[in-house]
Structures are given as C-alpha cells and as structure tokens.
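The values are calculated or read from the model by the stated rules, or taken from the named source; none is laboratory data. Just so you know, these numbers come straight off a predicted model, no measurement behind them. Counting neighbours? That spans all protein chains shown, and the Cβs are built from the backbone with ideal geometry, glycine included.
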Ligand code: ACM
C-alpha cells in the first residue's frame, strides 16, 4: 500500500482563530497528513504548514477550566490521551457549545495559535478529541505537534457498537477497559454487553445470589473445532456490581454507553441451573446444568409467577446499574419450544391466556419485558426474533442479526433498527482462509469477513429507521485477549467508518481507507495489539498453537 494524498473534502473558514490569544509556540512544518478513521465529513490540511506544538500538553486557562462545558472538553481530551496543563492567563484551547447543530456534530480548528472546538454535545466533544488524538504527530524537528487543520464532522448513526460475550469465555475488567479504549479511539459509542447465556451468568444480582454462585461456574469447555474434546478446565467468572459500576463509569468517561443484555426467555441454562424454579421442571428428564458446549439448548424459562417476578427484579437491578442505557436488551433469539410443548404447566398457561401456539409464550415474555422496562423508564431492544410478537411495541428497537431482510422488515414495520447482519458483522467468523485464520477462529461459518467486506457490505435499508450498526464478537472460539484482538483489529476500523458514514454519498474508497489504515499500525503497536496483518498473520502470536 502506498500513500496517496489525503482528500480535502471541503474548505472551512478560519474566522474563529481570532478568539485565541497568540500565545502558543508554532511547531516546525508538519509533512505527515492526518489519517483519520472514520474519515471526517470535511477535513482540510495543507501538508508542510507549521502546526501547534504540544509543548508538554495543552495549556488551559482558568476561564475554560471553570466553565462546565470547558471542563467537559478537558475531560474528553484527557480521555483521548492529552496532557492538560492548567494556566492562569493564556490558554490554548477554546471550547464552544454549538446549540442547534445535529447530534454528535463538531467543528474543530487547530493552528499554531491553538485549538478551537465547537461541539453540539458530549459525544461530539469526545469525537473532536479523538480526531485530534489521531492527528497528533511529530513536526519536522521531531517535536510532538498537531497539524494545522480544520474539520467539520458528524456521525450518521447514534448507535455505533461492539457486542462482547464474556459468557462463553471470560473477559476481565482490564480486558474490557482495553476494548473500550480502542472503541473510543474509533468513535464507537455503544458497548452491547451480553451478560448471560447457557454457558454462564456473569452479572451479580443482589436479589438472586445463586445466579453467580452457581450460574457463573461450569466444569470445563468444549473445543470450538470439536465439541467432543473438552479441556477439563473449570470456569468461574462474574462481574461484581462494583466492577460493573466501575466499567460503566469508565465507559462513560470515554463517551461510551453500555447496553446490557439479559437473555429472556432462551439461552437460559445457567439461570435455570441456579434457580430450577425458573425452568420447566415438569418436563421429562429435567436436569439443567451450566453448559460446557456451544449451540442452542433446550432450557428456556417457564412462564410462571416465579419467572415473571425474577424478570422484574433482575431488570430493576440492571436499570440501576446502567443508568445511561436508553434501552435494555432482552435477548429473544433462538428460543426452542420443545420444553413448552412437553410441560403441562406451560400448556396450562397457554390455555389460561388463550394462546394457541408455543411461540406465543415467547411473545408474552417480550410484552412483559417491554411493560416492565417502560415502568422503569427504559426502552427495550431485542434480537430480530422479537418481531414475531404481534403488536410489538412500536418503540422496541430491533437488532437485525439474521440478515438484511430482517432489518428491512423491521424498518417497514416502523421499528428502529440496529444492523449486525451475520454475513458481515459477526467478528467471530474468519477474515480469510489462511492457516492462522483457521487457528484463530475454527472452520465454521463464513470465511470472508475481512475489513474490506465490513467496509463495503450493502447495509442499505429504505427509509430512515436505521439507528445503529454494530459488530458482534461471540466468544466460543475466543478464549483470550490475543485471539480477541486478532478478531477485532483492524475490522473495528472498517466498522467505525461504515457506521460513521452510513448512507453518506461519496464515501472514501477502499484504497483511501487502506492508506489511512496503514498509518494506524504504529498506534496498534503502541498498545501491543495482536492485530491481523494484511497477509493474514497475527502481529504478536504469543499464544501457543495446539
Ligand atoms: C445470535 O447470534 N444468536 C443473536
């Protein structure tokens, strides 16, 4: 890949520089062009101009540090890695709140005289700070500096996310924070946290301690390649509520909101093992256990008083733990009906509620969750199977994973839609056919989801119902951070660009993206990331191969 000139997409006026005192020292000329991912809507930089010398940090005057908006900008800049130097008189940063501009939009000007940020909201402040962090470079004399540049930018979608699955394999608090930092760098602002599944319940719930005392433990795990091969290593892992609060606050400091997912009514083996009253105990051979293999399992919640009280209690604690989440994800995918067919109690429930098909029991659960969440002041999101429910509340957010057809149906029915089609945004699938791709991911499923595919996949949906795009990183085959990083990077960059510029005309070409991506390698290396290189090999293959 060779460097090509960064396109200047638009030219901005530079009038607001006059607001800054001429205090800062100019840098020597800067020849490196800023390679920002996602590409800003408008970016102007003339290589060879002097820039802003980062002389130990950005000086901030007391007026800025005493205003609420100024402090918010300082926090965003620090979260993006800048050092802030308090100053009494002269400052190098001016921040303005841009009322009435579209959500997430910001305008950024940087020159030898300082930095001016006009941002519509907190998310926009974070985006501006990350643009600056990505633009940071060294000048012709080798000093850290920011180029003279002007940016006008806004995201297409309010939900730009990654889904993490610590159920199949644990992801530590530190590991989660590492991923959050990487997300923030690329302006991804939603972590969808899949906190319970058949293989483990990972979230402490005070009212139901057995969920973690029993439900977070399994005896061993299957090999992803061959389910009959077990590793014999017990797994016991959950996040305490204090850890969750810590992660939520950390995410917030980076401009990221966490959307928790509680799987209802399926993928419930761990919950039912902890509290058998949640399950269909009158089914022949009822013997739940926290599952050691991968797939879809028969244990689903029983439609009964204990279960509905459980759901209400759990969702209440979840809403307390995730105060910023606008919607809570209730799962709803892959719900087998076998137990409801076999259970006399479930059949009686159907009769009492005039339900004629077992699938309507799931619809009942979906409506119940929507009602509980509405009482708690939250919206509801779920996998696209929740659409089966007749009169699904129109404000339910549908996460379309089974393909774009489901996204288009949900949008046509008036639902807000988050796109994560399996064909392109399941980052658990391989990025190619190299031996390393096989080793890191197993042989299953699609094997062509490289960054080019993520960038170029057709995600168009008629109308304006798409509110988000996210990648799902299921962890059956991802036992550690080395593998996780290989699966995430650099696809995360393509995801970020696709989401930021969703539906925009004249999106940058694949070649343009590739040129910018290459310039992010030093950043990946600075984090010691085991990213997938262009030839398919891992950058830091320290984990031993079996
Ligand atoms: C899913 O992949 N079952 C949402």
Filtering the stretch 131-146 for residues that are buried (at least 24 other Cβ atoms within 10 Å of the Cβ) and without any contact (Cβ under 8 Å) to a residue 60 or more places away in the chain leaves a count of 1
Return the total of residues in the stretch 365-401 being surrounded by fewer than 16 Cβ atoms within 10 Å (Cβ to Cβ) and within 15 Å of the ligand (Cβ to nearest atom). 1
Single condition residue 220 does not satisfy, out of (1) within 19 Å of residue 318 (Cβ to Cβ); (2) touching a strand residue (DSSP E or B) at 6+ places or on another chain (Cβ under 7 Å): (1)
Single unsatisfied condition, residue 356 versus (1) over 23 Å from the mean Cα position of the chain (by Cα); (2) within 16 Å of the ligand (Cβ to nearest atom); (3) more than 18 Å from residue 262 (Cα to Cα): (2)
Taking interchain pairs and intrachain pairs at least six residues apart, which have beta carbon atoms under 6 angstrom, with the first residue in the stretch 392-403 and without any contact (Cβ under 8 Å) to a residue 24 or more places away in the chain and within 16 Å of residue 468 (Cβ to Cβ) and the second away from the ligand (no atom under 14 Å from the Cβ) and in a loop (DSSP other than H, G, I, E, B)? 398/415
For the stretch 69-91, the count of residues that are out of contact with any strand residue (DSSP E or B) (no Cβ under 8 Å at 6 or more places or on another chain) and modelled with pLDDT under 95 equals 2
Does residue 246 qualify as being surrounded by fewer than 23 Cβ atoms within 10 Å (Cβ to Cβ) and within 18 Å of the chain's Cα centre (by Cα)? yes
Restricting the search to the stretch 505-546, which residues are free of Cβ contacts under 8 Å to residues at least 40 places away in the same chain and under 19 Å from residue 175 (Cα atoms)? 524, 525, 526, 528, 539
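If I ask for residues that are in contact with a strand residue (DSSP E or B) (Cβ under 8 Å, 6 or more places away or on another chain) and surrounded by fewer than 15 Cβ atoms within 10 Å (Cβ to Cβ), which ones from the stretch 316-325 would you list? Before you say what the answer is, go through the steps one by one.
Residues of the stretch 316-325 that are in contact with a strand residue (DSSP E or B) (Cβ under 8 Å, 6 or more places away or on another chain), as a first pass: 318-319, 321-322, 324-325.
Residue satisfying the conditions is 324 alone.
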Matching option when the condition is buried (at least 19 other Cβ atoms within 10 Å of the Cβ) and farther than 23 Å from residue 258 by Cβ, among 153, 226: 153
Taking the stretch 521-537 and keeping residues surrounded by fewer than 21 Cβ atoms within 10 Å (Cβ to Cβ) and not in a helix (DSSP H, G or I) leaves 527, 528, 533, 534, 535, 536, 537
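Name the one entry in 313, 333 that is under 30 Å from residue 242 (Cα atoms), in contact with a strand residue (DSSP E or B) (Cβ under 9 Å, 6 or more places away or on another chain) and in contact (Cβ under 8 Å) with a residue 40 or more places away in the chain. Talk me through it step by step, then tell me what you get.
On the way: 313 fails: in contact with a strand residue (DSSP E or B) (Cβ under 9 Å, 6 or more places away or on another chain).
Among 313, 333, only 333 is under 30 Å from residue 242 (Cα atoms), in contact with a strand residue (DSSP E or B) (Cβ under 9 Å, 6 or more places away or on another chain) and in contact (Cβ under 8 Å) with a residue 40 or more places away in the chain.
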Count of the stretch 414-449 residues which are away from the ligand (no atom under 16 Å from the Cβ), more than 30 Å from residue 394 (Cβ to Cβ) and outside any loop (DSSP other than H, G, I, E, B): 6
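Every residue, every condition in (1) farther than 30 Å from residue 395 by Cβ; (2) more than 29 Å from the chain's Cα centre (by Cα); (3) within 16 Å of the ligand (Cβ to nearest atom), yes or no:
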{"site": "265", "(1), (2), (3)": "no, no, yes"}
{"site": "279", "(1), (2), (3)": "yes, yes, no"}
{"site": "284", "(1), (2), (3)": "yes, yes, no"}
{"site": "292", "(1), (2), (3)": "yes, no, no"}
{"site": "319", "(1), (2), (3)": "no, no, no"}
{"site": "332", "(1), (2), (3)": "no, no, yes"}
{"site": "339", "(1), (2), (3)": "yes, yes, no"}
{"site": "342", "(1), (2), (3)": "yes, yes, no"}
So for the stretch 512-520 (the condition being surrounded by 19 or more Cβ atoms within 10 Å (Cβ to Cβ) and within 30 Å of residue 463 (Cα to Cα)), does at least one residue qualify? yes
Cβ-Cβ under 7 Å, sequence separation 6+ or interchain: first residue in the stretch 261-284 and at positive phi, partner buried (at least 20 other Cβ atoms within 10 Å of the Cβ). Which pairs? 267/197; 267/198; 267/331
Give me the helices (runs of 4 or more DSSP H) completely within the stretch 232-342, filtered to those with at least 3 residues that are within 26 Å of residue 123 (Cβ to Cβ) and in contact with a helix residue (DSSP H, G or I) (Cβ under 6 Å, 6 or more places away or on another chain), ordered by residue number. 241-253
Only one of (1) over 20 Å from the mean Cα position of the chain (by Cα); (2) within 18 Å of residue 69 (Cβ to Cβ); (3) without any contact (Cβ under 8 Å) to a residue 24 or more places away in the chain is not met by residue 106, so which one is it? (3)
Residues in the stretch 294-317 that are under 21 Å from residue 377 (Cβ atoms) and within 16 Å of the ligand (Cβ to nearest atom) total 0
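Within 16 Å of the ligand (Cβ to nearest atom) and surrounded by fewer than 24 Cβ atoms within 10 Å (Cβ to Cβ) - does that describe any residue in the stretch 477-486?
Of the residues in the stretch 477-486, the ones within 16 Å of the ligand (Cβ to nearest atom) are 477-478.
The next check asks that each one be surrounded by fewer than 24 Cβ atoms within 10 Å (Cβ to Cβ); those that pass are 477.
The answer is yes, given that some residue of the stretch 477-486 is within 16 Å of the ligand (Cβ to nearest atom) and surrounded by fewer than 24 Cβ atoms within 10 Å (Cβ to Cβ).
Can you confirm whether residue 405 is within 16 Å of the ligand (Cβ to nearest atom), at pLDDT 95 or above and more than 24 Å from residue 294 (Cα to Cα)?
Numbers: within 16 Å of the ligand (Cβ to nearest atom): yes; at pLDDT 95 or above: yes; more than 24 Å from residue 294 (Cα to Cα): yes.
Taking the combined requirement at face value, the residue satisfies it.
Please pick out the residue among 147, 155, 166, 170 that is over 14 Å from residue 500 (Cβ atoms) and within 16 Å of the chain's Cα centre (by Cα).
Working: 147 fails: within 16 Å of the chain's Cα centre (by Cα); 155 fails: over 14 Å from residue 500 (Cβ atoms); 170 fails: within 16 Å of the chain's Cα centre (by Cα).
One residue alone meets the criteria, 166.
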